[in-house]
Amino acid sequence: MKFLHLIMVFFFIGAFSFGGGIAMLPLIFQMVQEYHMLSPEKFSDLIAVSQAVPGAVAPNAATYTGLEYAGIPGGILAAFSIALPSFIIVLLVMKFMGRYRESRIVQGLFEGMRPTVIGLISAAVIFIAGTSIYRLAPFSVDLIPLGIFIITLILSGKFKINPIIIIVVMGTAGAFLCG
Amino acid sequence: MTKKNKAKELFVLFLAFFKTGFFTVGGGYAMIPIIQRVIVEEKKWLNETEMIDCLAVCQALPGAVAVNAATFIGNKRNGIAGAAVATAGMLMPSILCITAVVLLLGALGENTYISGAFTAIKASACGLIAVTVFGMAKKVLKNPFHWTVALLVFVAIGIFEIMAVIPIILGGTAGIIYTAVKRKRAEAGDHQ
C-alpha cells in the first residue's frame, strides 16, 4: 500500500509540476504533507538535502521522501515515478516535432523559444548568485564566493577548464574557506 | 548494428548521463555547463543549436529539466531504449547519493564543511553557467527581435520571478508571429 501511494503521489507531481527543480518543490511539499509521508523535522531537511546532494533536485526530493517513508525500495520507486510522466511526454513531443519539423509554425516557435532560453538561463545566474554570492535586504556581498565566481569565469571562459574539475576544486576549497 | 555494439552504445549513454547527474549540484541549471561539456563538446551527440532547442522543449514540459534533457538526448541517440538508459543514468546519482547521505549521516544537519562546499559550488556554478550562456547567446541572438525577447525574459524572470513555462509559451508565440510577419513582408517585397 505504501509503495502504491509513493507511485501515485510522485507520478502526479511529475506530471503537473512545471519549471523544473526548485520550482517543483512547492508541489512536492504539498503532496508530501497531505499524505503524511514525512515527519515535520524530516520535512525541514528535505530542501537542504535535495539541493546539497548531487543530482537533479526533484528526483533527489523524491528519493529522500520515498526512502524515509518506505525504505530503500521506496526511494528507488519514488525517483522513477517522478520521472515517468515526463519520460512519456518527452517521447510523444519528440515524435510530433519530428513529423512537423519543417512546418512554419514549429520553426517560428523555436525562433522565439531559443532567445527565451537565453533569458531564462541568464536570470538563473542572478538567482543562484543571490543564494551564494550576495544578499538583498540589507545588501551585502560575500567576498570569498565572489572570488570563486571570478576565478571560475577565468578558468572556464579563458582557459576552457573542464567544469567538473572546477566544481571539485571549488567545492573542496569552499569546505574550508566558506564554512 | 550488432547486439554487442548496441549494448555498448547504451552503456556509454548511461555513463555519460550518470556523470552529468553526479556533477549537477544545486539544481537543474547547474546541469547546463556539464551537459554542454560532456554531451556537446566531448561526445558531440548534439550541436549547440540542438542543445538550445532541447533545453527549450525540456523547460516547457512538466518534470525536472535535467531528467527531461536526458530522456530527450537518449531518445535522439538510440530511440526508446536510449531514452530509458539515459534517464536511468540521470536518476542514479540522486538515488545513490541520497540513500548514502540518509543511511550514513542521518541527515546533513549543520555541518559547516558541507554548507561551505555547497556555497562555493553554487558561486562557481554561477560562473560556469554565465560562461555557457554567453557562448549560447553569441550563437542565438542574431537580430533585434532575439535580443528583445532575451532581455524581456531576463527582466520578467529576474525581477518578477514568474514561472519558466510562461515566458517559454509567450516567447514561442512571439516567434511564430515574428516569422509570419517577416515572411509576409518578404513576399510583399517580391511583388513590388
Exercise for the section: Answer yes if at least one residue in the stretch B:112-121 is in contact (Cβ under 8 Å) with a residue 60 or more places away in the chain, in the same structural domain as residue B:56 (by TED's automatic domain parsing) and either over 23 Å from residue A:67 (Cα atoms) or within 23 Å of the chain's Cα centre (by Cα) (or both), and no otherwise. Expected result: yes
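For the structure I just gave you, tell me whether residue B:152 is in a helix (DSSP H, G or I), loosely packed, with under 13 Cβ neighbours inside 10 Å and at the interface with chain A (Cβ under 9 Å from one of its Cβ atoms).
Values: in a helix (DSSP H, G or I): yes; loosely packed, with under 13 Cβ neighbours inside 10 Å: no; at the interface with chain A (Cβ under 9 Å from one of its Cβ atoms): yes.
When the stated conditions are applied, residue B:152 does not pass them.
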Handout entry: residue B:84 vs. criteria in the same structural domain as residue B:32 (by TED's automatic domain parsing) and on the phi < 0 side of the Ramachandran plot
Key = yes
Exercise for the section: Run residue B:187 past the list (1) closer than 21 Å to residue A:127 by Cα; (2) surrounded by fewer than 16 Cβ atoms within 10 Å (Cβ to Cβ) and report the number of the one that doesn't hold. Expected result: (1)
Problem - Filter result (touching a residue at least 24 places away in the same chain (Cβ under 8 Å) and at the interface with another protein chain (Cβ under 7 Å from one of its Cβ atoms)) within the stretch A:121-176 - result: A:145, A:148, A:173, A:174
Practice task
State whether one or more residues within the stretch A:34-52 are closer than 12 Å to residue B:94 by Cβ, of a type in the set (Ser, Thr, Tyr) and in a helix (DSSP H, G or I).
Solution key: yes
Handout entry: Check on residue B:61, closer than 30 Å to residue A:41 by Cβ, touching a Ser or Thr at 6+ places or on another chain (Cβ under 9 Å) and buried (at least 20 other Cβ atoms within 10 Å of the Cβ)
Key = no
Completion exercise
Selection from the stretch B:125-181 of residues small (Gly, Ala, Ser) and within 17 Å of the chain's Cα centre (by Cα) yields B:125, B:127, B:130, B:135, B:137, B:150, B:164
Handout entry: Test: residue A:89 is within 9 Å of another protein chain (Cβ to nearest Cβ) and under 21 Å from the mean Cα position of the chain (by Cα)
Key = yes
Exercise for the section: Tell me which residues, restricted to the stretch A:126-165, are closer than 9 Å to residue B:127 by Cβ and crowded, with 22+ Cβ neighbours inside 10 Å. Expected result: A:148, A:149, A:152, A:156
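I'm trying to understand the selection: among the residues of the stretch B:48-102, which are polar (S, T, N, Q) and more than 7 Å from chain A (Cβ to nearest Cβ)? Don't jump to the end; show me each part of the working.
Pass one, the stretch B:48-102, residues polar (S, T, N, Q): B:49, B:59, B:68, B:71, B:75, B:78, B:87, B:94, B:99.
Matches in the stretch B:48-102: B:49, B:78.
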Exercise for the section: Please go through the stretch B:26-39 and pick out each residue that is within 7 Å of chain A (Cβ to nearest Cβ) and surrounded by fewer than 24 Cβ atoms within 10 Å (Cβ to Cβ). Expected result: B:37
Handout entry: Matching residues, the stretch A:102-116, being within 28 Å of the chain's Cα centre (by Cα) and either of a type in the set (Phe, Trp, Tyr) or at the interface with chain B (Cβ under 7 Å from one of its Cβ atoms) (or both)
Key = A:109, A:110, A:111, A:112, A:113, A:114, A:115, A:116
Handout entry: Exclusive hit being in a helix (DSSP H, G or I), touching a Lys or Arg at 6+ places or on another chain (Cβ under 8 Å) and assigned by TED's automatic domain parsing to the domain that holds residue B:99, set B:46, B:13, B:55
Key = B:13
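The values are calculated or read from the model by the stated rules, or taken from the named source; none is laboratory data. Small disclaimer: the values here were computed from a predicted structure and weren't measured. Positions of Cβ are generated from backbone atoms using ideal geometry, with glycine treated the same way; all protein chains shown enter the neighbour counts.
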